[in-house]
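What follows is a set of notes on a single structure, which appears directly below.
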Amino acid sequence: MQPLGAETGLADPLRTVMAISTLLQAGAEQGLSFHISTDFAGLARERRRLRNSEVSPMFDPSACRSLSERGFWMSLIDKTGETVGLQAFRLDDADPNLAEWVLGWMMGLYARRREMIVPRAVMPPEHSLSHLIRGRIVYHGELWIDKHCKVGFPVFPRIGMLLAMVKWQPEAIWALTGQSMATRGHMVRMGYGHLEQSFLTWEWEPDGAEQAEWIGVALRRHLEFSIAELSSTSPTEARYQPLQAQ
């Protein structure tokens, strides 16, 4: 018999449903609701309205016309009906691996918007975990939570990550971030069990990025382990308990 691969599905679908349900209930207890969409023109409008800036090329439908098929975005709504959070996810195929694929992917997207970015290094450091990650990967970006919505974090990003896990069952979910967010524990609380500094370095960095960007990685096995942990917690505990790396 041939070995069964990752495409055979989730290790424990019932626990996955329970984990997501726990997070949804934790949000509901704080008056929060979560909306999901594949209309990325809508995301661009919401970002301009809420943040007075343009959506990143990774989630710009003019730079990637297949976004509605390979991505989704979410909004976080408070009890007054105001949007207090945004985030987006997209599925890609890292070939031959994330380290060798990522720079060409990013530069191609920025080039389609006629925006220049100039890397300082052509590849992430040799010791980077990204050299071992290949195949189906999910990029997590556009994360914004209003500073007055203290209860939206980390429930909102965790729900999105688990929904991406259910939808695509990727080898990993990854995100880029700056030093402040990476070193203050926010990425770990969201579920990124592996962090690396200077994953990408720039002579001319993308708008809103730092010259040295960190990467957060949540491997499939980290997410599966976290689902098991989260499904056994109460909604109150879920608001504070970080997803564990293994």
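The values are calculated or read from the model by the stated rules, or taken from the named source; none is laboratory data. What you see is a predicted model; the values in this text were computed from it and never measured. Heads up, the Cβs are rebuilt from the backbone with ideal geometry, glycines too, and the neighbour counts pull from every protein chain shown. These area figures cover heavy atoms from the full protein model, side chains too; ligands, DNA and RNA do not enter into them. Shrake-Rupley method; radii C 1.70, N 1.55, O 1.52, S 1.80 Å.
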* Leaving out same-chain residues fewer than 8 places away, which aspartates and glutamates sit with a Cα under 16 Å from that of LYS147? -> ASP78, GLU82
* Asked: Which sequence of HIS222, HIS35 reflects their accessible areas, 1.4 Å probe, from the largest down?
  -> HIS35, HIS222
* Under a straight-distance cross-link criterion of Cα-Cα below 19 Å, which aspartates and glutamates are reachable from LYS79, leaving out those fewer than 8 residues away in the same chain? -> GLU29, GLU46, ASP146
* **Residue-span extension gain [ALA11 to GLU229] - 0.36 nm each, minus C-alpha spacing** => 77.1 nm
* Asked: Tell me, what is the per residue accessible area of the chain in Å², probe radius 1.4 Å?
  -> 49
* To do: Kindly provide the chymotrypsin sites (Phe, Trp or Tyr not before Pro) of region 109-200 that DSSP labels as loop, not H, G, I, E or B, and whose Cβ sees at most 15 other Cβ atoms within 10 Å.
  => none
* Asked: Tell me, what is the FRET efficiency for ARG45 and LYS150 to the nearest 0.05, using R0 = 30 angstrom and their Cβ-Cβ distance as r?
  -> 0.70
* To do: Can you tell me the alpha carbon radius of gyration of region 13-232 divided by the globular rule-of-thumb value 2.2 N^0.38 Å?
  => 0.98
* Structure fact -> Calc'd 3J(HN,Hα), region 178-195, phi into Karplus 6.51 cos²θ - 1.76 cosθ + 1.60 (θ = phi - 60°), Hz, glycine/Pro = x, comes to x, 5, 4, 5, 5, 9, 9, x, 5, 5, 5, 5, 6, x, 8, x, 9, 10
* To do: Report the longest stretch of the chain that contains none of the trypsin sites (Lys or Arg not before Pro) sitting in a DSSP loop with at most 11 other Cβ atoms within 10 Å.
  => 1-64
* Asked: How far apart, in nm, are two points set 7 Å out from the Cα along the Cα-to-Cβ line at ILE36 and at ALA121?
  -> 3.6
* Structure fact -> With VAL217 itself left out, Lys, Arg at +1 and Asp, Glu at -1 over residues whose Cβ is under 11 Å from its Cβ give -1
* **FRET efficiency, SER198 to ARG136 (Cβ-Cβ, R0 25 Å, nearest 0.05)** => 0.45
* Go through ALA212, MET107, GLY160 and say which Cα lies farthest out towards the positive end of the charge dipole of the chain; charges sit on Cβ, +1 for Lys and Arg, -1 for Asp and Glu. => GLY160
